[in-house]
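Visitor: Next up is a structure, given as structure tokens.
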Amino acid sequence: MQGETGGRGKHILLVSGWQTVNIGDIAHTPGLIHLLKTYIPGVKITLWPNDIDLVEEKMLISYFPDLTIVKDGFADTGIAGSEDASKCISDADLLLHGSGPGIVGIQKLLLWKQMTSKPYGVFGVTVGSLNEELREVLNGAAFIFTRETLSLDVLSEGGVTLPQLGFAPDATFFLPIRNDASAKFFMESRKLEDRKFICVVPRLRYTPYHRVHTRINWSKEQIDHVIAENLKYVEEDHQKIREVIVRYVRETGNKVVLCPEMEYQTELFEPYLYNLLPIDVQDRVVMHPYWQPDDAASLYARAAVVVSIECHSPIIALVNGTPAIYVRQPSDTIKGNMYYDLKLDDWIFEIEQCSGQQIADRVMEIFGDFDQAIEKVRLLNQRVGGIYDGNMEVVKKYLELV
């Protein structure tokens, strides 16, 4: 059980922090730090990020003042290793690759393997495919926990044969950070009432990373494919979300907040949602600029429902006690299977297999029996906590704490 065994004198080197243009990717890190500190009180944690900027660094230190962050320029140079990183590898008892879209920090794991024989593990990732290098790295791990069970099938079929393989929900399910002052200011300025507004998060089929990661040499074919697929589906997808907005506003008289999970999504608010709504509905819709996960957590905590085409805004809502619906696009990897693994079938919709009316029906059902929905969220978080109990026993084992 959490908090039973102290970790004083033990040191975990945490590889996490994938990119800063996505509050879901940012949220993995504080979620996992909080999980480790809760279950292993007194453990020293050093964060070895792939990508972090000053805003995120200040946010993490404000919530975890004893956190050490080591930088080695990996995101810029593609080379893992520095004097500080080498010192941390020498000092740490365990390297833990954090929750995320894959083994993003593979170069750091390779460096750890090269420099030490101490254990390393993987916690709450998606593995969509394997190459020889990744297979070798994963077969050397002490344990691997994937954030949905489909990844376990990929590992098994790909020749990863560890005895300690299992399921660990995405670390965002343990996100502790809140910025209640920010949410209060936004709500007062937009005249939003507790538990009466819903939040809506849009998404293109493919994130336009060619606009974000400009140092990568994207081919014309890659860029053209992303643009074409996004143009093909953007209206069809967001028309369904507009149906939800119209239905909710007209049946309740309450407001809707358009929210981003990624920076680019603020560009979708007006052309694909707000501008195409009836005038009477537009009057009840407001927009939020790009933010940090603690801002989102506090606003979602006071919403009635979060409806998102992105995967992590629903998790941020759920961990803060708010019902959430995930509308999944087929282009958004197998990570969304975690919702089925956690028995949230009623709150996930495959976007090509549902209508806007069906999503709206579910939103109105939740709003109409809100106490029951809140109880469902409570039981979900309890279930996630039970899974984490088992996961963290394994982590403690490799820290020689059990």
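Visitor: Explain nothing, just the number: relative contact order of the chain, from Cα pairs under 8 Å at least 6 residues apart, as a whole percent.
Guide: Here the relative contact order equals 16 percent.
Visitor: Relative contact order for the stretch 180-368: what is it in percent, counting Cα pairs under 8 Å that are at least 6 residues apart?
Guide: Reported relative contact order: 27 percent.
Visitor: Could you order the peptides 141-150, 286-295 from most to least packed, using the average number of other C-beta atoms within 10 Å per residue?
Guide: Final packing ranking: 141-150, 286-295.
Visitor: Here's another thing I want to ask about it. What does the charge count around Ala317 come to, taking other residues whose C-beta lies under 14 Å from its C-beta (Lys +1, Arg +1, Asp -1, Glu -1)?
Guide: Residues near Ala317 contribute 0 overall.
Visitor: How many lysine pairs are close in the stretch 180-368, with Cα atoms under 29 Å apart and the two 8 or more places apart or on different chains?
Guide: For the stretch 180-368, qualifying lysine pairs total 15.
Visitor: Going toward the positive end of the dipole of the stretch 255-402, with +1 on Lys and Arg Cβ and -1 on Asp and Glu Cβ, which of Tyr398, Val257, Ser308 do you reach last?
Guide: Selected residue: Tyr398.
Visitor: For Met287, what residues show an amide H to amide H distance below 5 Å, using hydrogens built from the backbone and excluding near sequence neighbours?
Guide: Leu258
Only the coordinates and a few stated rules stand behind these numbers; no lab work does. Since the model is a prediction, treat every value here as computed from it, not as a measurement. In this analysis, Cβ positions are derived from the backbone assuming ideal geometry, glycine residues included, and neighbour counts consider all displayed protein chains.
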